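The values are calculated or read from the model by the stated rules, or taken from the named source; none is laboratory data. Small disclaimer: the values here were computed from a predicted structure and weren't measured. The protein model used for the area step is the full one, side chains on, heavy atoms only, and it has no ligands, DNA or RNA in it. Shrake-Rupley method; radii C 1.70, N 1.55, O 1.52, S 1.80 Å.
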Amino acid sequence: MPTGTRRARERARTRERIIEAALHVLESEGASALTIRRIATDVEYTAPIVYQHFANKDALVLELIAHGHHLMMADLERAAAEEPGIDGRMTRLASEYVRFAGRHPHLYQAMNGDAVDAQERRRAAAPAIGVLTELLTAWSQTHDVVLADFDDACDIVWSTLYGVASLGALGVLGDERAERLAQDALRTLLRGWQAGPPENA
């Protein structure tokens, strides 16, 4: 194996170990415990080696946020593929989103907190929002529903799920109740769009 290829692989493995260690600290202890020095100790490297891969803690947190969205995307895509009908896929999306927040409360908080600015958070969430957009498009076509402002409809669904998931992740609702409320909230939204605006609106 050429020296350059071996070094590239070793560098990639080192980066993966750093991310795994940082994710473990974040998931088990929260963002306050996440420091470059702590991660270096956990992976038995010196801090300068960690800095070779991540310029600072913010860069490391951004990587974890991207990793979190990747994990959530896998859950959402799998759930969407398992349900045969569009209505089932929509409500399954709701429960899987909330379930993810309950399983990974510290990671979910980092993904949606102020560790990065709003524009960066939106960019990181774009793939998951894309899944929602595809499902909502299919749902509106299946039920012949014209959504007056499709982007607003997506944001309404997203913010509703975010609110329920956040309360669930904080332990306010409990995991099972949070999933049920997310499904009920989404069904209510979809029924409202199917019924159309009130006659006097």
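Would you list Met73, Met111 from the most to the least accessible area, probe 1.4 Å?
Working: Met73 30, Met111 5 Å².
Order by accessible area, largest first: Met73, Met111.
Which of rounded, prolate or oblate describes segment 85-135 when judged by the alpha-carbon gyration tensor and an a/c cut-off of 1.5? All intermediate terms of the calculation are to be shown ahead of the outcome.
Details: a/c = 4.41, a/b = 1.51, b/c = 2.93.
Oblate is the answer for segment 85-135, as a/c is 1.5 or above yet b/c matches or exceeds a/b.
For the chain, calculate the relative contact order in percent as a whole number, restricting contacts to Cα pairs under 8 Å that are 6 or more residues apart.
On the way: 184 pairs, mean separation 42.4, N = 201.
21 percent.
Report, to the nearest whole %, how much of the accessible area of segment 132-201 belongs to carbon and sulfur atoms, 1.4 Å probe, protein only.
On the way: 2180 of 4270 Å².
Of the solvent-accessible surface of segment 132-201, carbon and sulfur hold 51 percent.
Could you work out the relative contact order of segment 92-197, using alpha carbon pairs under 8 angstrom and six or more residues apart, expressed as a whole percent? Could you put the intermediate results ahead of the total?
On the way: 74 pairs, mean separation 47.9, N = 106.
Rounded, it is 45 percent for segment 92-197.
Dividing the convex hull volume of the alpha carbon atoms of segment 112-201 by its residue count, what do you get in Å³ per residue? Numbers along the way, then the final one.
Numbers: hull volume 11.1 nm³, N = 90.
Per residue, the Cα convex hull of segment 112-201 comes to 123 Å³.
Rounded if a/c is under 1.5, else prolate if a/b beats b/c, else oblate: with a ≥ b ≥ c from the C-alpha gyration tensor eigenvalues square-rooted, which is the chain? Don't skip to the end; give the middle numbers.
On the way: a/c = 2.67, a/b = 2.12, b/c = 1.26.
Since a/c reaches 1.5 and a/b is larger than b/c, the shape of the chain is classed as prolate.
At what distance in angstrom do the alpha carbon centres of segment 107-168 and segment 41-62 lie from each other?
Each part reduced to its Cα centre gives a spacing of 31 Å.
Mind telling me which of Ser166, Ser140, Ser95 comes out most flexible in a GNM of the chain, alpha-carbon contacts under 10 Å?
Ser140
Plugging the Kirkwood radius over Cα pairs into Stokes-Einstein for segment 35-76, at a temperature of 20 °C and a viscosity of 1.002 mPa s, what D comes out in µm²/s? Before the final figure, lay out the partial values.
Values: Rh = 11.1 Å.
Estimated via Stokes-Einstein, D reaches 193 µm²/s.
If you take the square roots of the eigenvalues of the alpha-carbon gyration tensor of segment 74-165 and sort them as a ≥ b ≥ c, do you get rounded (a/c under 1.5), prolate (a/b over b/c) or oblate? If you can, show how the numbers build up before the last one.
Details: a/c = 2.27, a/b = 1.42, b/c = 1.60.
Oblate, since a/c reaches 1.5 and b/c is not below a/b.
Name the helices (complete DSSP H segments) of the chain with a Cα length along the long axis of 27 Å or more and a Kyte-Doolittle mean of at least 0.5, or state none. Each step should come with its number before you reach the end.
Details: long enough: 3-29 (39 Å, -1.02); 57-82 (38 Å, 0.25); 118-142 (33 Å, -0.10); 150-169 (28 Å, 0.77); 175-195 (30 Å, -0.89).
Within the chain the helices that satisfy the rule are 150-169.
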